[in-house]
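Before any comments, here is the structure.
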Amino acid sequence: MATTHNLGFPRIGKKRELKFALEKYWRKETSKDSLQLTALGLRQQNWQHQADLDFVPVGDFSFYDQVLDTSFMLGNIPSRVSQLEGDDLDNYFRVARGRSSNDESSCCCVSAGEMTKWFDTNYHYIVPEFEQDTSFTLDASQLLAQLQEAKQQGITAKPVVIGPVTYLWLGKLKTESANEEDKLALLDDLLKAYSQLLNFLHQAGVDWVQFDEPILVTELSQAWQHVFRKAYFQLTNSPVNILLATYFGELQENLQLACKLPVAGLHLDAINARNEIEKVIDWLPTHKVLSLGVINGRNIWKTHLNKTLDWLEPIHLRLQDRLWLAPSCSLLHVPVDVQSEEKLDPDIKSWLAFALQKIDELQVLAQALNEGRDSVAKVLAENASTLLSREQSKRAHNKAVKARVSLLDNGLEKRQSPYSQRAKLQDKKFNLPLYPTTTIGSFPQTKAIRQIRSDYKNQKMTEKHYRQNMEREIKTCVAEQEALGLDVFVHGEPERNDMVEYFGEQLEGYAFTQFGWVQSYGSRCVKPPIIFGDISRPKAMTVEWIKYAQTLTDNPMKGMLTGPVTILNWSFVRDDQPRSETCLQLAFAIRDEVLDLEKAGIHIIQIDEAALREGLPLRKSQWQSYLDWAIQAFRITANGVADDTQIHTHMCYSEFNDIIAAIADMDADVITIETSRSDMELLDVFDEFQYPNEIGPGVYDIHSPNIPSVDSMVSLMKKASLRIPAKRLWVNPDCGLKTRTWDEVRPALVNMVEASKLLSARA
Ligand code: GLN
Ligand code: ZN
């Protein structure tokens with residue numbers, strides 16, 4: 001008999017109930033008790049949905065983040081909150097977000113813990129903090145209480161916990177001058193806490209516990225491989241069975257290590273590590289359980305059940321009771337229920353499976369294995385016919401798009417002349433001063449702007465009226481820029497709700513959900529659009545707005561587009577072709593937009609690649625192949641223009657050290673980046689690499705309401721000019737201004753323009 005289980009369930013709720021409960025609580029509009037009650041309700045609901053599984057995850061629920069929960073469970077609570085008033089939950093929120101409620105007086109505001117991305121997902125966790133003398137004191141009361149709740153509900157619980165090695169690896173040592181060895185020195189004490197936890201779980205009647213060790217899919221140093229052995233040998237005598245879970249990728253050189261660890265079972269991501277499963281079956285000692293993650297926990301497509309069974313049946317024959325089935329990873333990364341969608345096209349909806357549907361698929365697979373396919377014949381037939389309809393759908397497949405992409409030739413990627421020649425032509429054409437000023441695209445998105453968009457969307461405003469309103473906003477924005485004396489203008493992006501959604505909505509091959517929310521961090525959720533088919537652009541998307549904006553001024557108006565890699569990385573993508581292929585299709589669509597802008601007389605065009613870095617694979621050894629196709633996609637998008645058309649790109653992060661060659665390869669004439677917080681040090685890498693083109697290092701930190709002084713910006717730019725010749729420098733903010741108010745933006749830009757004037761007069 002194959003056993004079914006799940007690694008984790010979305011905690012946020014079908015309608016984001018947890019988000020709203022948390023935010024209400026932080027605003028002090030509800031009590032702690034009522035927040036706890038909502039949480040209990042959600043847990044009970046989630047367990048109910050999974051009740052038919054052989055093991056149901058407990059401990060996957062969290063008020064903010066499961067890594068932070070683990071820190072609290074281990075008594076690893078930053079000392080800065082230890083003296084503060086209130087209880088554990090207050091302190092928990094203080095570490096999570098700096099305060100336990102929005103109006104918390106200054107006495108209890110502390111700096112929040114650092115937040116970073118959970119592997120290659122868009123989920124962010126709170127980084128554990130270690131001191132050299134950190135010791136761990138287990139407090140498993142929360143987890144034990146939840147186990148009790150589950151028991152009362154008649155659920156067979158399998159607690160899920162971040163494994164000790166991954167926990168240690170994710171954390172950061174705060175002690176100055178401390179190094180990796182100091183971190184490893186914490187292991188023994190940490191293991192004591194884990195061992196104690198296992199004993200408590202045993203006393204609570206737990207049979208199996210899941211330890212998540214996803215770092216096994218990354219490149220591990222010898223030292224960390226050793227830590228794995230040491231840790232799990234120390235936990236060998238655990239009174240409960242440990243299921244060691246890895247996901248998001250292949251184990252590769254860690255495969256043997258993982259197979260040999262003295263645990264009772266191993267979970268592998270059979271979507272991303274399918275090729276390794278055979279080997280694991282050969283190597284795994286026969287007393288161990290093998291859990292296969294056969295349902296993709298990272299995307300929203302229905303599983304091909306028959307195909308999966310074709311693959312699984314022989315494995316089941318070999319492993320028998322040792323085979324467990326699960327989603328590939330926690331379902332935290334997908335929305336809850338596709339049935340909630342009321343507006344999705346019925347065809348597309350029929351191709352999708354969110355968390356609840358994935359649990360159903362799991363049950364069907366297990367039943368087919370345990371009782372034969374006949375016992376679920378109807379469901380399998382339905383699944384097959386739905387997927388066939390997807391395969392053959394005219395909406396998903398567009399011959400012309402496929403043909404165009406397949407005819408790819410290198411010429412498409414290349415500018416006519418190298419940068420040095422283009423620069424001369426562009427200098428002549430735009431005749432910009434030294435230290436030219438510009439902004440990154442958006443201007444403040446006022447309430448009025450949002451109202452206009454929402455009225456238009458809800459059909460409360462005619463198209464004509466909408467246009468008039470938007471044109472008025474653009475006009476205001478241009479007038480402001482005239483008054484400020486900026487050099488290169490933007491139209492301000494009032495028509496855009498989001499830099500990906502705006503383009504997705506106008507491209508063929510994209511679908512949007514109403515409730516497809518996925519937790520990003522804490523109470524923040526995102527609703528990634530879905531690329532379901534070949535991408536094409538029925539008509540120009542931005543040209544009318546930019547052209548109109550250009551009629552209002554003699555200064556150059558910068559066309560504003562989102563690049564193919566960013567669109568790809570912020571969407572749910574197809575599973576029936578490689579990401580690189582989808583990216584190419586996007587590249588061709590945006591290329592057409594670039595060329596249309598150029599034809600319309602727009603000769604400075606910015607292509608934002610805010611999320612280029614985010615797509616980097618978990619293993620460094622795979623970076624280059626990602627960068628190859630990602631940069632190629634950008635080049636196809638950008639490089640069809642004439643020499644005297646100036647291409648800008650923008651990236652809102654500051655780590656370029658390891659990808660600088662790829663960035664240079666994009667060959668954008670100008671790149672604007674985030675630098676204001678790093679004191680221009682990040683330009684070192686551009687300097688050392690001898691980055692040849694122009695750079696606008698952000699001098700105005702738009703994430704803060706503070707207004708930067710002229711001096712501060714002059715001094716930042718002077719530092720920049722020590723690294724990059726002044727002739728190739730631009731002056732601009734860090735990122736778009738849409739989240740700021742005009743009252744903040746105006747004085748900041750007045751200062752920025754003043755700084756540029758001072759600099760150019762002296763340069
Ligand atoms: N052009 C976009 C804007 O200004 C860029 C946003 C971003 O980089 N995230 O809003
Ligand atoms: Zn940005």
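Screening the candidates ALA761, ALA720 for the property of being crowded, with 19+ Cβ neighbours inside 10 Å and either part of a loop (DSSP other than H, G, I, E, B) or on the phi < 0 side of the Ramachandran plot (or both) yields one hit, ALA720.
Between ILE590, ILE602, the distinction of being more than 16 Å from ligand 2 (Cβ to nearest atom), part of a loop (DSSP other than H, G, I, E, B) and either among the basic types (Lys, Arg) or closer than 28 Å to LYS429 by Cα (or both) belongs to ILE602 only. Is at least one residue of the range 696-717 polar (S, T, N, Q) and closer than 21 Å to LYS558 by Cβ? Within the range 696-717 (the criterion being polar (S, T, N, Q) and closer than 21 Å to LYS558 by Cβ), the answer is no, since none of the residues qualifies. Being away from ligand 1 (no atom under 16 Å from the Cβ), under 22 Å from SER760 (Cβ atoms) and crowded, with 19+ Cβ neighbours inside 10 Å is not true of ALA483. Taking the condition of being surrounded by fewer than 23 Cβ atoms within 10 Å (Cβ to Cβ) and either touching a residue at least 12 places away in the same chain (Cβ under 8 Å) or under 19 Å from PRO528 (Cβ atoms) (or both), how many residues in the range 608-625 meet it? Residues flagged as surrounded by fewer than 23 Cβ atoms within 10 Å (Cβ to Cβ) and either touching a residue at least 12 places away in the same chain (Cβ under 8 Å) or under 19 Å from PRO528 (Cβ atoms) (or both) within the range 608-625 amount to 11. When the helices (runs of 4 or more DSSP H) confined to the range 4-77 are screened for residues that are more than 30 Å from HIS267 (Cβ to Cβ) and in contact (Cβ under 8 Å) with a residue 40 or more places away in the chain, those reaching at least 2 such residues are found at 17-26. Out of VAL670, VAL710, VAL714, one residue alone is on the phi < 0 side of the Ramachandran plot and in contact with a strand residue (DSSP E or B) (Cβ under 8 Å, 6 or more places away or on another chain). It is VAL670. Restricting attention to the range 497-506, the residues that are surrounded by fewer than 22 Cβ atoms within 10 Å (Cβ to Cβ) and either over 30 Å from ASP554 (Cβ atoms) or not aromatic (Phe, Trp, Tyr) (or both) add up to 5. Of all residues in the range 162-207, those being under 21 Å from PRO78 (Cα atoms) and of a type in the set (Gly, Ala, Ser) number 6. For the range 583-632, taking the residues that are of a type in the set (Asp, Glu) and within 22 Å of the chain's Cα centre (by Cα), the one that is farthest from ligand 1 (Cβ to nearest atom) is identified as ASP628. The residues in the range 454-496 that are part of a helix (DSSP H, G or I), touching a Leu at 6+ places or on another chain (Cβ under 7 Å) and either of a type outside the set (Lys, Arg) or within 16 Å of ligand 2 (Cβ to nearest atom) (or both) can be counted, and the count is 2.
Would the range 30-39 turn up any residue that is surrounded by fewer than 19 Cβ atoms within 10 Å (Cβ to Cβ), closer than 21 Å to TYR521 by Cα and at pLDDT below 95? Within the range 30-39, none of the residues are surrounded by fewer than 19 Cβ atoms within 10 Å (Cβ to Cβ), closer than 21 Å to TYR521 by Cα and at pLDDT below 95.
Checking the structure you have, find out if any residue of the range 615-626 is touching a strand residue (DSSP E or B) at 6+ places or on another chain (Cβ under 8 Å), away from ligand 2 (no atom under 16 Å from the Cβ), modelled with pLDDT of 95 or more and not hydrophobic (A, V, I, L, M, F, W, C). Within the range 615-626, none of the residues are touching a strand residue (DSSP E or B) at 6+ places or on another chain (Cβ under 8 Å), away from ligand 2 (no atom under 16 Å from the Cβ), modelled with pLDDT of 95 or more and not hydrophobic (A, V, I, L, M, F, W, C).
Pairs meeting the criteria (first residue in the range 492-507 and among the basic types (Lys, Arg), second residue within 14 Å of ligand 2 (Cβ to nearest atom) and assigned to a loop (DSSP other than H, G, I, E, B), beta carbons under 9 Å, at least 6 apart or on different chains) are ARG496/GLY441; ARG496/LYS738. Going by the structure shown, is SER375 touching a residue at least 40 places away in the same chain (Cβ under 8 Å) and either more than 16 Å from ligand 2 (Cβ to nearest atom) or closer than 30 Å to ILE535 by Cβ (or both)? In short, no.
Consider the range 642-654 and keep the residues that are assigned to a loop (DSSP other than H, G, I, E, B) and within 15 Å of ligand 1 (Cβ to nearest atom). The one that is nearest to ILE607 (Cα to Cα) is CYS652. Return the pairs, sorted by first residue and then second, in which the second residue is of a type in the set (A, V, I, L, M, F, W, C) and part of a helix (DSSP H, G or I), the first residue lies in the range 206-226 and is within 14 Å of TYR194 (Cβ to Cβ), the beta carbons are less than 6 Å apart, and the residues are 6+ apart or on different chains. From residues that are within 14 Å of TYR194 (Cβ to Cβ), the pairs are VAL209/LEU201; GLU213/VAL165. Would you mention how many residues in the range 634-665 are away from ligand 2 (no atom under 16 Å from the Cβ) and modelled with pLDDT of 95 or more? Final tally of qualifying residues: 19.
Filtering the range 297-312 to residues that are in contact with a strand residue (DSSP E or B) (Cβ under 7 Å, 6 or more places away or on another chain) and under 17 Å from ILE277 (Cβ atoms) leaves GLY297, THR303, THR308, LEU312. Only one of these conditions is not met by THR566: (1) part of a loop (DSSP other than H, G, I, E, B); (2) surrounded by 24 or more Cβ atoms within 10 Å (Cβ to Cβ). Which number is it? With respect to (1) part of a loop (DSSP other than H, G, I, E, B); (2) surrounded by 24 or more Cβ atoms within 10 Å (Cβ to Cβ), THR566 is out only on (1). Note on the range 666-685: among residues that are out of contact with any Gly (no Cβ under 8 Å at 6 or more places or on another chain) and at pLDDT 95 or above, the one that is surrounded by the most Cβ atoms within 10 Å (Cβ to Cβ) is ALA668.
For the range 552-562, filtered to residues that are touching an Asp or Glu at 6+ places or on another chain (Cβ under 9 Å) and more than 10 Å from ligand 1 (Cβ to nearest atom), the residue that is nearest to GLY736 (Cα to Cα) is GLY559. As a summary of the residue check, ALA661 satisfies the conditions (1) crowded, with 16+ Cβ neighbours inside 10 Å; (2) away from ligand 1 (no atom under 16 Å from the Cβ); (3) not charged (D, E, K, R) except for the one numbered (1).
Checked across the range 518-537, the condition of being more than 16 Å from ligand 2 (Cβ to nearest atom), touching a Leu at 6+ places or on another chain (Cβ under 8 Å) and either over 23 Å from VAL334 (Cβ atoms) or free of Cβ contacts under 8 Å to residues at least 40 places away in the same chain (or both) holds for at least one residue. Inside the range 489-518, residues that are away from ligand 1 (no atom under 11 Å from the Cβ), closer than 30 Å to PHE430 by Cβ and under 20 Å from the mean Cα position of the chain (by Cα) make up a count of 1. Only one entry in ALA178, ALA157 is surrounded by 16 or more Cβ atoms within 10 Å (Cβ to Cβ) and small (Gly, Ala, Ser), namely ALA157. The set of residues from the range 420-442 being of a type in the set (A, V, I, L, M) and within 11 Å of VAL731 (Cα to Cα) comprises LEU434, ILE440. Of the residues making up the range 698-730, those that are more than 16 Å from ligand 1 (Cβ to nearest atom), of a type in the set (Val, Ile, Thr) and within 33 Å of the chain's Cα centre (by Cα) are ILE707, ILE724.
Residue-level check: of (1) modelled with pLDDT under 95; (2) over 30 Å from LEU190 (Cα atoms), ARG16 misses just (1).
The values are calculated or read from the model by the stated rules, or taken from the named source; none is laboratory data. Note that the structure is predicted; figures quoted are calculated from it, not measured. FYI the Cβ positions are ideal-geometry reconstructions off the backbone, even for glycines, and counts take in every protein chain you see.
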